[in-house]
Amino acid sequence: MGKFKHAIIVSVLILVTSAGLYFLFDWMFTLPEPASSQAVPIDNLFQAHFITMAVLFAMIMVIMIYSVVVFRRRPDDEADGPHVHGHTGLEIAWTIIPTIVVVGFGVYGLILFREVTADQPDEMVVSVTGRQWSWAFEYPEADVRSARLVLPVDQPVLLELHSEDVLHSFWVPEFRVKQDLVPGSVKELRITPTEIGSYRLRCAEICGTSHSDMLADVEVVSRADFEQFLIDSAFRYSDLTPEERGEQFYVELTCNGCHSLDGSPMAGPTWQGIYLRQEALDDGTVVTADEAYIRHSILEPNAQIVQGFNPNVMPQNFGDRITELEAQILASEGAEIDVIADLIAFMQTLNQ
């Protein structure tokens, strides 16, 4: 009867402790509100882990502490304790049961992985480009490019992820899913947003000096608002003024990843008041940031480094990217555009 009493007490203590630990874990590791259909099964997996961790920790600690307190040697007890040589059934149990649990979680995880990566009907394709240190988004079906990711609610989305330089990682915590971007290959990530709202895209892979600034706005909107976004975002470069094109190129070429417009420090000099500004270089000379200097700095970014900034930060292929963009505009609109001249025209407006 004594053994039965101890077993009941220990079982009750394990249940109570497990419940307390579960609520503690759930509070300590609070997740942001889920905003995609993929988040639901992933959150269920989190909860299963919390329950398992709570039960295992409670079993170990309750049995250990209970044994130390209840079966401790009394001050007047000089007798030897019972000699225990092992318990075959217990040893088999604590080998087989954890194995089943581990294998079970592996199977559960595989089923969940197949579920969140499965093809969805009527998927909308969005091309995502990551580069040091900004994001760019393209909607191929609508021929729209944007610096923010706008998605219609309840619409299955296939993200085709590209990296132009180093490893990056696409992560919106509310969507739960995450995918690395690998240079030279196209990775896929599927999301079905379920909650209208504003979110934040982060790079979850350390990718260089301004890794922490590699952010982008994500907006989940109604289908009507999404259609309006596509209409508002569709334009012809040739219909814009040079200043307006320059502002568009500032985002599209991801200059905003390194150069602020408000004077705040980033990986590169701010563009606020940059045109005709006197710049001290790391070789001790001073130059005027005129059109020739700016064009040279874009095409050969390591030739003249401004004091206080590191070389090899700006990608070396901007000339190729600009040439490619100009060729695309010429092919689609029949208009010859000087991208750098438009960027300089935009910079001049920042002196006002």
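Of note:
- The number of residues in the range 318-352 that are more than 14 Å from SER238 (Cα to Cα), under 30 Å from the mean Cα position of the chain (by Cα) and touching a residue at least 60 places away in the same chain (Cβ under 8 Å) comes to 4.
- Test: ALA303 is modelled with pLDDT of 85 or more and either within 14 Å of GLU252 (Cβ to Cβ) or in contact with a helix residue (DSSP H, G or I) (Cβ under 7 Å, 6 or more places away or on another chain) (or both): yes
- Note on the range 227-276: residues that are surrounded by fewer than 18 Cβ atoms within 10 Å (Cβ to Cβ), more than 27 Å from the chain's Cα centre (by Cα), in contact (Cβ under 8 Å) with a residue 60 or more places away in the chain and over 18 Å from ALA335 (Cβ atoms) amount to 3.
- All positions within the range 1-46 that are among the β-branched types (Val, Ile, Thr) and not in a helix (DSSP H, G or I): THR30
- Qualifying positions in the range 113-147 - in contact (Cβ under 8 Å) with a residue 40 or more places away in the chain, out of contact with any helix residue (DSSP H, G or I) (no Cβ under 7 Å at 6 or more places or on another chain), closer than 21 Å to GLU219 by Cβ and surrounded by fewer than 18 Cβ atoms within 10 Å (Cβ to Cβ): GLN120, GLU123, ASP143
- Taken as a whole, the structure leaves PRO82 outside the set of residues that are within 30 Å of TRP171 (Cα to Cα), outside the structural domain of SER198 (by TED's automatic domain parsing) and in a loop (DSSP other than H, G, I, E, B).
- The numbered conditions (1) outside any loop (DSSP other than H, G, I, E, B); (2) in the same structural domain as VAL128 (by TED's automatic domain parsing) are all true for THR209 except (1).
- Restricting LEU56, LEU31, LEU45 to those that are surrounded by 13 or more Cβ atoms within 10 Å (Cβ to Cβ), without any contact (Cβ under 8 Å) to a residue 60 or more places away in the chain and not assigned by TED's automatic domain parsing to the domain that holds ASP143 reduces the list to LEU56.
- Residues (surrounded by 15 or more Cβ atoms within 10 Å (Cβ to Cβ) and of a type outside the set (Lys, Arg)) located in the range 320-336: ILE322, LEU325, GLU326, ILE329
The values are calculated or read from the model by the stated rules, or taken from the named source; none is laboratory data. Quick caveat, the model's predicted, so the values are computed rather than measured. Because the Cβ atoms are built from the backbone with ideal geometry, glycine has one as well, and the counts that use them run over all protein chains shown.
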